[in-house]
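Worksheet: one structure, shown below.
The values are calculated or read from the model by the stated rules, or taken from the named source; none is laboratory data. Computed from a predicted structure; not experimentally measured. Because the Cβ atoms are built from the backbone with ideal geometry, glycine has one as well, and the counts that use them run over all protein chains shown. Protein only, heavy atoms only, side chains kept; ligands, DNA and RNA dropped before computing areas. Shrake-Rupley method; radii C 1.70, N 1.55, O 1.52, S 1.80 Å.
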Amino acid sequence: MRISKQEFSRRRKALMALMEPNSIAILPAAPERIRNRDTEYPYRQDSDFFYLSGFPEAGAVLVLLPQRQHGEYVLFCREKDRHKEIWDGHRSGPEGACRRFGADDAFPVDDIDDILPGLIEGRERLYYAMGRDSAFDQRVMTWVNTIRAQVSSGAMPPGEFLDLDHFLHDMRLYKSAAELRVMREVAALSAAAHRRAMQACRAGMYEYQLEAELHHEFAMAGARYPAYNTIVGSGNNSCVLHYVDNSARLRDGDLVLIDAGGELEHYAADITRTFPVNGKFTREQRTLYELCLRAQQAAIAAIKPGNHWNLPHEVSVRVITEGLLQLGLLKGELPALIEAQAYRDFYMHRIGHWLGMDVHDVGDYKVGGQWRVLEPGMCMTVEPGIYISPDNDKVAKKWRGIGIRIEDDVAVTRQGCEVLSAAAPKTVADIEALMAASAAA
Ligand code: GLY
Ligand code: MN
Ligand code: MN
């Protein structure tokens, strides 16, 4: 594992130091989900749960009890079971949870109803993220009610229910050196997958075949699953922001937009590249592409400690609005167009989002009503886009149906920032050179 046992332990200690005195935190593992009769979706552990435990199995519950004499970190998990393990694979069991995952105490999850109320009892505050999993919410209330039913015998139920998200998600926003190494690795292997798609692309192929090239490259590099549903949109489909049909045939003369990133040890990459199916941009495609790229480069240049979160977005809006004005796609005065958000017909999303274990990662974007100031260790995407709807009859025909997004993964450093996904080509010259070389091969 790329994140050490010591780092998981440090995270739990840091979180417990932020918790109120005499409190308890309860976090469930992600539930398994049925895909169709008897088969499940590939299991993906809950990010908060994994961040604190590194424990990959379903059917587990993590409990933190700061200052508990008999151990602060308790894990409930599935018991070892020879028969079940023959069918469904290895289980750590409570003994493995202590030995391999650093739990101070571990119990079979089947005994949780008998044990957990006793751990909650006497703690004044209970941290639990209510509302994510209603079945588990119900169980938490049952445990608390078990204690409430015993107040006449002196039992003390928790009086305050608090959300752990604020502390935990603030911790997750700042990536450690080890996390940054994983983020760099997953961005690099995902960038390699985008290169592979550019090299493999030929008119007449189907969008899903490019998707297959990307997924092959992810999996061969150890990122068995993509971090989110891969988007391969060619022609007009490039204007559909979350297009995932990926079923159309690639046509000579069209652009194709690919938004795809692998997931490695629960960390995501999120990269978009847009390139011509035949390897050569047309004049209009190139004009809009270079405008989008200028906006992206200007936004990346605005990422450094001390600048606020929204500055790269504002920079991208200015560059894109100015460019659309020069091309006659917008008409009017620059400040008024920005004020009226006229660019939103063409650039209808924001510059990006935090990136980490979740592709749209946790962490507040505002603090005390103000945009958050960037600090080293924060990771984000930078993904301006320009999409000219095929039925936008306010613009000349030659522009219609062109959709472009360029998305990189960026870590804030002490001096400025590091582009983690830089190995995916993005200048017109680099894309055309790579594609020409593979066409000749
Ligand atoms: N792939 C999702 C996003 O770019 O936000
Ligand atoms: Mn994306
Ligand atoms: Mn993104």
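Comparing mean-square fluctuations of 409, 114, 38 from a GNM of the chain with C-alpha springs under 10 Å, the top value falls on 38. When the Cα gyration tensor is reduced to axis lengths a ≥ b ≥ c, the ratio a/c is 1.5 or higher for the stretch 374-434, and with a/b not above b/c it is classed as oblate.
Where only DSSP H runs of four or more residues are counted, the chain gives -11500 deg cm²/dmol as its mean residue ellipticity at 222 nm, each run worth -39500 (n - 2.57). Taking all protein chains as present, what is the carbon and sulfur share of the accessible area of the chain, in % to the nearest whole number, probe 1.4 Å? Percent of accessible area from carbon and sulfur atoms in the chain: 49. For the stretch 304-383, the Kirkwood radius over C-alpha pairs fed into Stokes-Einstein at 10 °C and 1.306 mPa s yields D = 114 µm² per second. Values of log10 I(q)/I(0) for the stretch 94-148 across q = 0.21 Å⁻¹ run -0.93, by the Debye formula with one identical scatterer at each alpha carbon and no solvent. Bridging of residue 280 to aspartates and glutamates at a Cα separation below 14 Å is possible for 252, 254, 290, 430, 432, once same-chain residues fewer than 8 apart are set aside. In the stretch 207-259, Rg over Rh equals 1.00, where Rg is the alpha-carbon radius of gyration and Rh the Kirkwood radius from pairwise Cα distances. Convex hull volume of the C-alpha atoms in the stretch 117-226, normalised per residue: 159 Å³. By the rule of a C-alpha distance below 30 Å, with chain neighbours fewer than 8 residues away ignored, the lysines paired with residue 80 are 5, 13.
If the convex hull of the alpha-carbon atoms of the stretch 180-285 is projected onto planes in all directions, what is the mean projected area in square nanometres?
On the way: hull surface 24.9 nm².
Quarter of the Cα hull surface area: 6.2 nm².
Computed from backbone phi with θ = phi - 60° and the Karplus coefficients 6.51, -1.76 and 1.60, the 3J(HN,Hα) list for the stretch 189-199 is 5, 6, 5, 4, 5, 5, 4, 4, 5, 4, 5 Hz; x is used for glycine and proline. Beyond 35 Å, what share of the Cα-Cα pairs of the chain is found? Please give it as a whole percent. Considering the chain, 40 percent of its Cα-Cα pairs are separated by more than 35 Å. Dividing the Cα radius of gyration of the stretch 52-191 by its Kirkwood radius returns 1.03 for Rg/Rh. Here the alpha carbons of the stretch 245-398 define both size measures, Rg and Dmax, at 17.1, 51 Å. Across all Cα atoms of the stretch 181-221, the radius of gyration (one decimal) and Dmax (whole number) stand at 11.0, 39 Å. Shown for the stretch 315-441 is the translational diffusion coefficient from the Stokes-Einstein equation, using the Kirkwood radius over Cα pairs, a temperature of 10 °C and a viscosity of 1.306 mPa s: 92 µm²/s. Take residue 284, project a point 7 Å from its Cα along the Cβ direction, then tell me which residues of the stretch 317-336 have their backbone nitrogen under 13 Å from it. The answer is 329.
Kindly provide the GluC sites (Glu not before Pro) of the stretch 1-94 that DSSP labels as loop, not H, G, I, E or B, and whose Cβ sees at most 13 other Cβ atoms within 10 Å. Each step should come with its number before you reach the end.
Numbers: sites: 7, 32, 40, 57, 72, 79, 85; in loops: 32, 57, 72, 79.
Loop-located and lightly packed - 32.
Of the cross-linked pairs 304/398; 304/394; 397/426; 175/426, which ones have a Cα-Cα span greater than 30 Å in the structure shown?
Cα-Cα > 30 Å for 304/398; 304/394; rest within.
Reported to the nearest whole Å, the Cα centre-to-centre distance from the stretch 18-87 to the stretch 373-428 is 37.
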